[in-house]
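In what follows, a single structure is set out as structure tokens and then discussed.
The values are calculated or read from the model by the stated rules, or taken from the named source; none is laboratory data. Computed from a predicted structure; not experimentally measured. Neighbour counts run over all protein chains shown; Cβ positions are idealised from the backbone, glycine included.
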Amino acid sequence: MCRQFIPRAVSLFAAIALLAAAGEAMAGSGDFEKPITVDAKSQFIDGKKKKSVFKDDVKITQGSLIIAADEVEAIASDGEGKEIFIARGKPASYSQTLDDGAKVKASANEIRYEVAKQLISLQGDAKIQQDTSMVQGDSITYDMSKEQLLATGGESNSNGRVTTVFRPDTVKELKEDNKSSDRNENEGN
């Protein structure tokens, strides 16, 4: 498989374009209105600090949203509906089925899910993909409600760069759209 290295500004724009449709479908999804369930082999609760630690084969579900990890720290100190889940694993994974049936998948050493902000942050060998398009870096933050993605490289990842891989079909569709647009402009002159 050939990797394409693109300057950061271009890859950020491309990543936003890549996941814009995903964000639009996610933002309209009923997943965020559903209860959150955490399933694990063991759990420790600190009632005073309003923290829980789940260990061994942990699974968070909220509708079609699924986060799987070796360990999850749940912080509920800001109140109900404002929980923060920090999932750790080698790697931890996230997946969600969008309203249009497409599936978004992500993985990283750490996944932080901020419920109230509808924000997913991936740290350490981070990767997010939809269909066959993929963005990879050391850190990826995806704001589902604003449809914004920020990916940064790190020393451990391809000399500090962000990698974006596009499907050939997507590039072909863009070229065809541009040709059609150019023809329409020339006919109007």
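Descriptive notes on the structure:
- Conditions (1) at negative phi; (2) at pLDDT 90 or above; (3) under 13 Å from the mean Cα position of the chain (by Cα); (4) not aromatic (Phe, Trp, Tyr): number failed by LYS117: (3)
- One residue from ARG161, ARG88 being closer than 20 Å to ILE60 by Cα and of a type outside the set (S, T, N, Q): ARG88
- Every pair of residues 6+ apart whose Cβ atoms lie under 7 Å, when the first sits in the stretch 48-63 and is more than 19 Å from PRO35 (Cα to Cα) while the second is exposed (fewer than 15 other Cβ atoms within 10 Å of the Cβ): LYS49/SER77; LYS55/LYS41; LYS55/SER42; ASP56/LYS41; ASP56/SER42; ASP57/LYS41
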